Every structure is written in structure tokens, then in C-alpha cells.
Amino acid sequence: MKYWDDILGNQVLMSSVTGWMVAQVLKTLIDLALNRNFNPERLVGSGGMPSSHSSTVCALTTAASYRYGPGSFEFAVCFVLSMIVMYDAMGVRRETGRQAKLLNSILLENPLKLKGELIQETLKEYVGHTPLQVAAGALLGILLALFMAQYY
């Protein structure tokens, strides 16, 4: 039981996991409200509002700052990781989603008259985030980590 006590008592880990879970649930609820249907893939999928990637790493960084201090090695590593993850979510991953959308429309039209077995299934379009989605996820993660700090 000490193992689980150690895990549940780890403020940095629990803040990060909570940041991811809350963002995924909010993302699913927002998708449900906008599209009027429940898509279970949104509970674990990437892309959408708010960014669960940003929420996770910002909760991690905030909890590390609170626990170890802003001058610590732990905070520095978390901060750099957060910047890389959020930059990637808005850059490379967002462009990947745009390209997937274009390729899916081309595959749907099938201009080369390819046979069905040669065409792969549609590409995943929701892989990246807009700057607003990243900012919302970051704010969510920071607030969740600050809230959870009361209990550690």
C-alpha cells in the first residue's frame, strides 16, 4: 500500500494527471455541446479545446514550482518541457492536422480513380491546437495545480 500512498501523495504527478483528465472531460463536453453528439474518442484524443497537452505540462510546471521552487532543477526541466510541448502543439502538430484535412478531401474525391483497397482510411485531423486552445489549456493547468496545492 505504500506504493499507492507514494503515488497519490506525489503532488507534481497528481497535478499533472488531474490537468490532463479535467482537460479531456472539458474537451468532450465542449465537443458534445457544439456537435450535439457524444464522441467517446474526445475523452482520450488529441486536438480541441482546451489543450490537454498544455494543461498537463502547465500543471506539472506549476506544481514543480510550488513544491521545489522556481530556482530548482525540477522547475527548469518542467518549464523547458512545457515550452516545447506547447510550441509543438501550435506548430508542427497543427500543420499536420491541416495537411490531414486536405489529404482527406483529396482521398474522398479520388481524382486518380484508385481502387478502394488502395486508399487508406481517413487521416486524423484533430492533432494540433490553435493558440487560444493552448492558452486555455495552460491556464486550466496552472489553476488546477494551484488549487491542488492546498491539499498537499
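The values are calculated or read from the model by the stated rules, or taken from the named source; none is laboratory data. All values reported here derive from a predicted model rather than from experimental measurement. Note that we place each Cβ from the backbone using ideal geometry, even for glycine, and neighbour counts take in every protein chain shown. Surface accessibility is based on the protein's heavy atoms, side chains included, excluding ligands, DNA and RNA. Shrake-Rupley method; radii C 1.70, N 1.55, O 1.52, S 1.80 Å.
Of note:
- Filtered residues of region 56-71 (kept if open to solvent by less than 60 Å² (accessible area, probe 1.4 Å) and not in a helix (DSSP H, G or I)): Gly69
- Filter result (of a type in the set (D, E, K, R) and buried (at least 17 other Cβ atoms within 10 Å of the Cβ)) within region 1-47: Lys27, Asp31, Arg42
- When residues in region 17-50 are screened for being within 16 Å of the chain's Cα centre (by Cα), in a helix (DSSP H, G or I) and without any contact (Cβ under 8 Å) to a residue 60 or more places away in the chain, 14 of them pass.
- Taken over region 72-83, the residue count meeting the criterion of being surrounded by fewer than 16 Cβ atoms within 10 Å (Cβ to Cβ) and of a type in the set (Phe, Trp, Tyr) is 1.
- Qualifying residue in region 50-65 (condition: within 16 Å of Thr130 (Cβ to Cβ), at pLDDT 90 or above and hydrophobic (A, V, I, L, M, F, W, C)): no
- Every listed requirement among (1) touching a residue at least 24 places away in the same chain (Cβ under 8 Å); (2) in a loop (DSSP other than H, G, I, E, B) is met by His53 save one, (2).
- Region 114-152, residues that are at pLDDT below 85, part of a helix (DSSP H, G or I) and of a type in the set (A, V, I, L, M): Leu118
- Pairing each residue of region 58-69 that is farther than 20 Å from Val22 by Cα and among the small types (Gly, Ala, Ser) with any residue that is open to solvent by less than 30 Å² (accessible area, probe 1.4 Å) and part of a helix (DSSP H, G or I), provided the two are 6+ apart or on different chains, yields C-beta distances under 9 Å for Ser65/Cys78; Ser65/Ala145.
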